[in-house]
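Have a look at the structure below, then the notes.
Derivation of every value follows stated rules applied to the coordinates shown; laboratory data play no part. Computed from a predicted model, the values in this text were never measured in an experiment. For neighbour counting, all protein chains shown are included, and Cβ atoms are generated from backbone atoms with ideal geometry for every residue, glycine included.
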Amino acid sequence: MAKARDKSKMSKAWRQATLKRSIPIYLMALPGLLYLFINNYMPMPGIILAFKNYKAKFGIYGSPWAGLKNFQYLFSTQDAYVITRNTILYNIVFIIVNLIFAVGVAIILSELVSKTKKVYQSVILLPYLLSAVIVSYLVYAFLSSENGFINNSILKPLGRDPIAWYQEQKYWPFILVFVNLWKGIGYNCIIYLSTIIGFDRSLYEAASIDGATKWQQITKITLPLLKPTIIMLTLMAIGRIFYSDFGLFYQVPQNSGALYPVTNTIDTYVYRGLLQLGDITMSAAAGVYQSLVGFVLVLSANLLVRKLEPENALF
Amino acid sequence: MKKFLALMLAVMMTLGMCLSVGTAEEARLEKADDGSIAAQAAADRIASGNAPTVVIAFMTWAGRLVGTDRIAEKMSEITMEKLGVKVELMPMDAASYAQNMNLMLASGEQVDLFNCVSVGFMPCVNKGYLVDLEEDGLLATYGQGIIDAFRASELGGCRVAGTLYGVPVKKDDAAGKFGISIPTKYLDEIGVDWQSMYANPEDEIIYTDFDFIEDVFTKLHAQYPDKTTFYTDPGSTVSQCLAMDSPSDMFGVLLDPTNSLELSDLFSSQMYYDLCARFYKWNQNGWISPDAITETNATTTQVKAGSLCAYKTATKPGIRQQESNLCGTPVAIFQLGPDFKGSSAYNTMPWAINQNTDDPVAAMQVLNLLYTDPDLSTLICWGEEGKEWQETGDGHITFAEGIDAQNSEYYNNVNWQMPNQFIARIWEGDSLDLWERMQSYNDNALASKAMGFTFDNSNVTAEYTALTNAYSEYQRQLELGFLNPDEGIPKLVERLKAAGLDDYIAEKQAKLNEWAEANGIQ
Amino acid sequence: MKSERKFQVFGHIVMIIITLCAILPLVLLLISSFTDNDTLIRNGYSFIPEKLSAYAYEYIFTSGNSVVHAYGISILLTLVGTTLGLTITTLLGYALSKTFLPGRGIITFLVFFTMLFNGGLVPTYINYSDVFGIKNTFWALLVPSLMMNAFNVLMVKSYFVSSIPDALLEAAYIDGATETRAFVQIALPLAKPIVATIGLFIGIGYWNDWMNGYIYLTKRTDLYSIQNLLNRMIQNIQFLMQNSSSISNANQGLASIPSVSVRMAMAVVGVLPIVIVYPFIQNNFVKGITLGGVKG
């Protein structure tokens, strides 16, 4: 009896304490939440545009319903399989490849002692800052049939025939993965690098005193400590698995028709199809479709993570 | 004041009628009255002192140039005096125009008059963005200058299911098919006597055949092995080279447009096969650059830089001067196909009024004035006298002192988009009777029976997106001759059929037949 | 120690390869911007061009749409935006890291939800244009999308959760500090790496962005940022190349747009400031190492 009373007294005090502590915290959160509300939640009801037959006179909310008609074009086409497959496969490869390289580079950079590592870090970030069209020009400089660097300065001296790069499908998965890696590595490694720098150095000192090699230190200390970050970033990437980098898949292959089977993604298909139609409801439908699939996948992945590594789940 | 305005209107109407010399016998739309209501409306507005603003939007190549506000002010001087209305100009970058316009139209921002190019006339109609111009006699009362400027059949191009939603632009409606432009310096060097080939001394186009052209190409290729002999911009190859009519899009065309209203599949046709086979041959001969598919530079830019010898272009009066200017060197224009006016002649870039506008009467009156007032038209096309242009003394105008295309504050170079460039001043280099020639050119060209038909494809949008993607996959390869048509075309046709080509064509045919019946065309 | 040295050598080799791959195309970009335009069109891009010319840069810095002015806009926007964005992101991230906060799970989910679902372009535009009326103002560049996003907030939250030991904060409370003081005096100084990182992300986001300017600026050309200017030009070219069938005089348009070398020069110009500023920001990464503040 007495214990129960003590407990309730304690819980009351605890709640009060948390309330007193919570108010300044809520105040801290307020500007951010306000922004989120204005920027993200206020326009969100507009999602129903995807289900409407839009007529300007009635606005978005007054327009007549169209049911799922606006989604039809995404599924009824013979390309539906190709674009979905391309989008998903590329994203999976991107996630894996970018992860390996970003973590690898971050680890290397964090361990290098010399001053030149600052130079490395700055230089590898630069490609991220270039717009997709400029990147497509640069890729063209390398892959152009007549004047391209590869055809002229590598294949010709070796006595090989020039390759019509923009018409051969088989090279492009590799080209696109490489360009995506090239563009993103400087940016992607930053978050891992800053996390690694925050690790307690004494762990490494202790390990090296115990005779651990560099490789052992990396695999036994750094990687496990990085796990939460890796899991979080991967989960977020899974949420975007139905999206693709439009610039990469449309501009870099120069919209070459011969390459469509390997470069056509949901985003490029929608863009090409709607360019003349200018149909805002159909493009809204594509957005909803992509979001919905990403949402379901992330929830599932998160559930999985919660079973295996509960503290690292997103929510 | 009233008398003065009435006189002005009478003068304008007469001017309008003079512009249509030789075609007065063709049917015009009916006017509501003799123009007095419109004059009264203008007078009332001026008297009231409340000047509404009409916002005019159109697209340009380089966005909003520095002098735009100034020009809008000068235009407002005229519109205030004549209509009691102020105008604002809203030029936008070509690439962002469609997106910006869609956003503005959907969000209810003030844009009163705009050109439908790039946004798409049919999509605008479908989304309900446009005012019915004949509602309450809007056009008949306040747009009488427009009625005078166009025949009823020309305005009919902007009708959808009988309702008039837009007004066409005064420009070259017909096009000469399969024109080839070659700098004269190259022709001289390979010893082609092109000067003697003109049918008449004042002609600017040489009509010839493929044998001659292929012979020229062979010589060009031999003489200039490091230059690309020929390039055609793939986006416009089929529409500019073949004498067929493609209403609204390439899927389902009229192969015999002057005689029949039956739609067929272009890609299964002999016409298309011949075209692709010809380009395939040219490609095999090495006349087309191996990089043609991924070419990122415009044809005339390439010629100017000296890397290209010949290219395809559609022709029209004034083409020779135009292309010579663009290439930076005189060119000779050859033409291999007929002059032809397709069904989309009048509905690719109509001017329209936003259904959301506060004052449709004011908007219509401004639009009407743009079609009838030479000073207003010159302002919006060329800019201000003394600042952007000056007289040359022989009736032409040219750049003002110290001004050129790069540093001019208002040199948009989109007169083909302006309501009536025919009444504006004529730039140096074009003949002074250019517009008379243009009008007779338009009138004498072969015309498609489906002229004026717009296809509403809202029932088949899913097929359309699939078809576009399928065509896009093969287009450049076939039409630049990289793929053997014997293999490539069957594959393309198979993909198109799988994408729903037959359904799409059936729908188009049904709509075309409906339209034909409603307009009494066999 | 031997494995240490081996690793250093290995690390340098790997980084040199990657750095070369990154920098080679950039060198090409730089060289093309100094190449004569006609040569570029005739011979394509080359490391050793036939003819050099500084025309592109001349054009950029003397043409009507003042590039220098656009630089100013970009810099102002990035500074203001990064400061504001960093503040609200860090505050929210810290708030969400407090495990005792009632409703924390729900709020975190609400934050995360915005990463997956988006109203779409038209509703967002209507929101900012009609409801808030910020079109054609500086706010239109500052506010939409870029100031704070869920990704950054969750990064900050995760950092505070994993890298700021509770013991430190507990010590502060026992000493009678308020939550605010604890945040400002203890958590924040230890958060330098994440603040620098997120600041960098937000800054790059603002610098690179051209979308906001593209759709919200239809009258105020004096508010164009550098990337906006460049991308307008490039988009116009792409558009004309692809739509020549429906626009009768596409060639005329293409002739009015600056040449290839100018586009290259603008790209260089757009990247330059970051190249200069980034090394300074990098210092903070190094300084943020916890100085052994955790003891028992």
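Quick notes on this one:
- Separation in nanometres of the label points that stand 7 Å from Cα toward Cβ, at C:Thr83 and B:Ala47: 5.8
- Along the axis of the charge dipole computed for the protein assembly as shown (Cβ charges of +1 for Lys and Arg, -1 for Asp and Glu, origin at the Cα centre), the listed residues B:Trp427, B:Ala98, B:Ser48 are led at the positive end by B:Ala98.
- Calculated SAXS-style log₁₀ I(q)/I(0) at q = 0.05, 0.08, 0.09 Å⁻¹ - the protein assembly as shown, Debye, Cα scatterers: -0.37, -0.92, -1.14
- Inter-site label distance for A:Val119 and A:Lys307 at 7 Å from Cα along Cβ, in nm: 5.1
- Cα Rg over Rh - the range C:1-139, Kirkwood: 1.15
- Rounded Å value of the spacing that divides the Cα centres of the range A:71-99 and the range B:41-87: 50
- Our note on the geometry: Cα centres of the range A:254-315 and the range A:173-206, 25 Å apart.
- Ratio of Rg to Rh for chain A: 1.07 [Cα atoms; Kirkwood radius as inverse mean 1/r over pairs].
- The range B:389-447: Rg to Rh, with Rh as the Kirkwood radius over Cα pairs: 1.04
- Reported value for chain B: 153 Å³ per residue, from the convex hull of its C-alpha atoms.
- HN-Hα J in Hz across the range C:201-216 - Karplus 6.51, -1.76, 1.60, θ = phi - 60°, x for Gly and Pro: 4, 5, x, 4, x, 5, 5, 6, 5, 10, 4, 4, x, 4, 9, 9
- Within chain A, the whole DSSP H helices whose Cα atoms reach 20 Å or more along their own axis and whose mean Kyte-Doolittle score is at least 1.6 are A:80-111, A:223-239.
- Size of charge dipole - the range B:461-519 - debye, nearest 20, with Cβ of Lys, Arg +1 and Asp, Glu -1, no other charges: 160
- All Cα-Cα separations within the range A:254-315 were binned at 10 Å from zero, giving a P(r) of 19, 30, 24, 19, 8, each value a whole percent of the pairs.
- When shorter helices are ignored and each DSSP H run of at least 4 residues is given -39500 (n - 2.57), the per-residue value for chain B at 222 nm works out to -13000 deg cm²/dmol.
- Under 12 Å, Cβ to Cβ, from A:Gln217 - net charge with Lys/Arg +1 and Asp/Glu -1: -1
- Summary of the geometry: the range B:308-336 and the range B:381-427, compared by the centres of their Cα atoms, lie 21 Å apart.
- The label-point distance for B:Glu30 and C:Asp130, in a model that sets each label 7 Å from Cα toward Cβ, rounds to 3.9 nm.
- Applied to the range A:157-169, the Karplus parametrisation 6.51 cos²θ - 1.76 cosθ + 1.60 on θ = phi - 60° returns per-residue 3J(HN,Hα) values of x, 7, x, 9, 6, x, 9, 7, 3, 7, 10, 9, 5 Hz, with x for Gly and Pro.
- Ratio of the Cα radius of gyration of the range C:95-253 to 2.2 N^0.38 Å, where N counts its residues: 1.45
- Rg [Å, one decimal], Dmax [Å, integer] - the range B:175-342, C-alpha atoms: 16.0, 47
- Under a 5 Å amide H cut-off, with hydrogens placed 1.01 Å from N, B:Val160 pairs with B:Tyr165 among residues at least 5 apart or on other chains.
- Extent along the principal axes, Cα only, for the range C:73-128: 42, 28, 15 Å, with the longest axis given first.
- Here the range A:203-224 is scanned for amide nitrogen atoms under 19 Å from the site 7 Å beyond the Cα of C:Lys6 along Cα-to-Cβ, giving A:207-223.
- Hz values of 3J(HN,Hα) by residue in the range B:286-292 - Karplus curve (6.51, -1.76, 1.60), Gly and Pro given as x: x, 7, 10, 5, x, 9, 4
- Taking the Cα centre of the range B:41-181 as reference, the dipole from Cβ charges on Lys and Arg (+1) and Asp and Glu (-1) amounts to some 360 debye.
- Reachable lysines from C:Lys157, criterion Cα separation under 26 angstrom, eight or more residues apart if same chain: A:Lys20, A:Lys220, A:Lys227, A:Lys307, C:Lys98, C:Lys192, C:Lys287, C:Lys295
- Over the range B:442-502, equivalent-ellipsoid semi-axes from the Cα gyration tensor in Å: 26, 20, 9
- Histogram of C-alpha separations across chain C, 10 Å bin width, %: 5, 19, 25, 24, 16, 8, 3, 0
- Straight-line cross-link reach from A:Lys170 at under 27 Å between alpha-carbon atoms covers these lysines, not counting any fewer than eight positions away in the same chain: A:Lys156, A:Lys183, B:Lys281, B:Lys491, B:Lys497.
- By the rule of a C-alpha distance below 18 Å, with chain neighbours fewer than 8 residues away ignored, the lysines paired with B:Lys387 are B:Lys74.
- Annotation: the antiparallel percentage among DSSP beta bridges lying fully within the protein assembly as shown is about 55.
- Annotation: amide H of C:Thr35 within the under-5 Å range of C:Ser53, sequence separation 5 or more or interchain, hydrogens built in the peptide plane.
- Distance histogram in 5 Å bins (all Cα pairs of the range A:211-315, percent per bin): 2, 11, 14, 13, 13, 12, 10, 9, 7, 4, 2, 1, 0, 0
- Computed E for A:Leu203/B:Lys491 - FRET, C-beta separation, R0 41 angstrom, nearest 0.05: 0.10
- Charge tally for A:Trp165 (other residues, Cβ to Cβ under 15 Å; Lys, Arg +1; Asp, Glu -1): -1.
- Size of charge dipole - chain B - debye, nearest 20, with Cβ of Lys, Arg +1 and Asp, Glu -1, no other charges: 380
- Long-range amide H partners of B:Val87 with built H, under 5 Å: B:Val54, B:Ser76
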